[in-house]
Amino acid sequence: MSAKKILLTRIYPKVASDLLEENGFLVTKWDKERPMTSKELIENSKGHDAILCTLTDTIKEQFFKECTTVKMVSQFAVGYDNIAISEATRLGIPVGYTPDAVSEPTADIAFGLMIATARKMFYLHKSILKGEWGYFKPNSDLGLTLKNKTLGIFGLGRIGIETAKLCKGAYNMDIIYHNRSRNKQAEAELGATYVDFNTLLSQSDIVSVHCALTPETKELFNKEVFSKMKSTAIFINTARGLVHNETDLIEALQKGEIWGAGLDVTNPEPMQTENPLLQMENVTVLPHVGSGTIDARDEMSRMSATNIIEFFKNRAVPYIVNPEVLQ
Ligand code: GLV
């Protein structure tokens with residue numbers, strides 16, 4: 001049997017290519033300092049047996065139509081809204097992903113954004129750079145206390161649970177959540193309470209978004225939704241920028257309908273430097289770095305390479321989005 005050819009759509013941690021090569025795969029690497037366009041992705045994938053890709057690679061119907069040699073897609077991310085899963089499933093193509101590895105680091109970012117926003121950290125850092133550190137003013141630059149507040153988790157999955165644990169442990173927060181379905185185990189472990197969406201909005205001091213991007217969640221956090229939140233509330237999004245409408249978020253902050261926002265994801269990405277959010281006191285923005293620790297990215301590389309290796313060895317794909325294709 002000839003060696004299987006795998007395209008790596010980016011420079012991933014070495015763990016991925018090392019593992020693939022040790023297992024006899026022929027690895028092609030896209031090593032330019034920019035992502036491929038969709039057209040380049042299709043052209044470069046042709047002739048490969050699998051691709052190891054990530055969230056900004058568009059793998060939709062056209063990709064599958066043209067890249068007929070590709071028998072497996074291995075995503076280096078927990079989210080997979082860049083991939084037409086139903087089309088992959090219809091064609092019998094397994095799609096791997098990297099859950100768990102990203103949960104704790106992403107929860108750290110959600111938790112960090114809460115503190116940084118509540119205490120205006122990024123804004124104050126910028127004010128020092130502008131030479132604005134004057135004298136002590138007891139009434140200036142005041143933030144919010146997080147202890148004993150209510151955390152509303154939208155999407156209590158792996159990352160939401162880790163975020164809730166941090167907030168409960170550090171600040172004794174009450175945890176309420178809204179999900180497509182109830183998570184009885186998390187309720188028992190975290191003392192979390194399931195509430196309807198409107199109650200989540202009206203009762204939370206912090207609303208933290210941890211859902212997947214789907215047609216139902218796309219721009220769900222809009223004008224109307226922000227107007228139902230507390231005027232003292234902080235909105236945190238570490239999931240997907242497209243879950244919020246950014247113009248409506250800016251307006252809600254400007255009108256004081258909500259107090260602050262901490263974002264690791266923006267709509268669109270990358271955020272443009274002239275975005276008014278970057279100048280607001282109570283806003284903290286990061287450039288989509290949720291999973292960005294050395295350990296997590298190495299583990300994601302291991303998981304995404306292992307998915308490919310196991311598939312071509314005719315063994316169970318350990319981290320798979322559409323297991324039905326292999327049954
Ligand atoms: C990051 O956004 C991921 O989906 O892993």
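The values are calculated or read from the model by the stated rules, or taken from the named source; none is laboratory data. Predicted, not measured: the structure shown is a model, and the values here were computed from it. A quick note on method: Cβ atoms are made from the backbone with ideal geometry, for glycine too, and the neighbour counts reach across all protein chains shown. What goes into the accessible areas is simple: the full protein's heavy atoms, side chains included, and nothing from ligands, DNA or RNA. Shrake-Rupley method; radii C 1.70, N 1.55, O 1.52, S 1.80 Å.
Observations, loosely collected:
- Of E281, E224, E274, E257, all but one fail to be more than 27 Å from K126 (Cβ to Cβ), more than 16 Å from the ligand (Cβ to nearest atom) and open to solvent by 30 Å² or more (accessible area, probe 1.4 Å); the exception is E224.
- Pairs with Cβ under 9 Å, 6+ apart, first in the range 275-293 and in contact (Cβ under 8 Å) with a residue 12 or more places away in the chain, second open to solvent by 50 Å² or more (accessible area, probe 1.4 Å) and within 12 Å of the ligand (Cβ to nearest atom): P287/E269; H288/L55; H288/E269; S291/R297
- On the stretch given as the range 287-302, residues that are within 11 Å of the ligand (Cβ to nearest atom) and either open to solvent by less than 30 Å² (accessible area, probe 1.4 Å) or in contact with a Gly (Cβ under 9 Å, 6 or more places away or on another chain) (or both) total 5.
- Within the range 44-55, the set of residues being open to solvent by 10 Å² or more (accessible area, probe 1.4 Å), away from the ligand (no atom under 16 Å from the Cβ) and either closer than 24 Å to H288 by Cβ or hydroxyl-bearing (S, T, Y) (or both) comprises N44 only.
- The range 26-45 residues that are farther than 21 Å from V15 by Cβ, paired with ones that are acidic (D, E) and open to solvent by 50 Å² or more (accessible area, probe 1.4 Å) (beta carbon under 8 Å, 6 or more apart): I42/E66
Per-residue answers, yes or no, for (1) of a type in the set (F, W, Y); (2) surrounded by 14 or more Cβ atoms within 10 Å (Cβ to Cβ); (3) farther than 29 Å from V209 by Cα:
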position: G24; (1), (2), (3): no, no, yes
position: T28; (1), (2), (3): no, yes, yes
position: I42; (1), (2), (3): no, yes, yes
position: T69; (1), (2), (3): no, no, yes
position: N82; (1), (2), (3): no, yes, no
position: R90; (1), (2), (3): no, no, yes
position: T106; (1), (2), (3): no, yes, no
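- Contact map, the range 61-83: residues that are within 12 Å of Y97 (Cβ to Cβ) paired with residues that are open to solvent by 60 Å² or more (accessible area, probe 1.4 Å) and more than 8 Å from the ligand (Cβ to nearest atom), Cβ distance under 6 Å, separation 6+ or inter-chain. Pairs shown: N82/T58.
Residues checked against (1) modelled with pLDDT of 95 or more; (2) within 24 Å of V78 (Cβ to Cβ):
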| residue | (1), (2) |
| --- | --- |
| S17 | yes, yes |
| E21 | yes, no |
| T28 | yes, no |
| K32 | no, no |
| S38 | yes, yes |
| N44 | yes, no |
| G47 | yes, no |
| I51 | yes, yes |
| T54 | yes, yes |
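- Selection count where residues are open to solvent by 40 Å² or more (accessible area, probe 1.4 Å), touching a strand residue (DSSP E or B) at 6+ places or on another chain (Cβ under 9 Å), of a type outside the set (F, W, Y) and assigned to a helix (DSSP H, G or I), scope the range 116-154: 1
Listed here are the residues, each with its yes/no results for (1) within 16 Å of the ligand (Cβ to nearest atom); (2) of a type outside the set (D, E); (3) closer than 20 Å to D295 by Cα.
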{"position": "A110", "(1), (2), (3)": "yes, yes, yes"}
{"position": "S127", "(1), (2), (3)": "no, yes, no"}
{"position": "F136", "(1), (2), (3)": "no, yes, no"}
{"position": "I153", "(1), (2), (3)": "no, yes, no"}
{"position": "E162", "(1), (2), (3)": "yes, no, yes"}
{"position": "K168", "(1), (2), (3)": "no, yes, no"}
{"position": "N172", "(1), (2), (3)": "no, yes, no"}
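- The set of residues in the range 78-107 being on the phi > 0 side of the Ramachandran plot and within 14 Å of the ligand (Cβ to nearest atom) consists of D100 alone.
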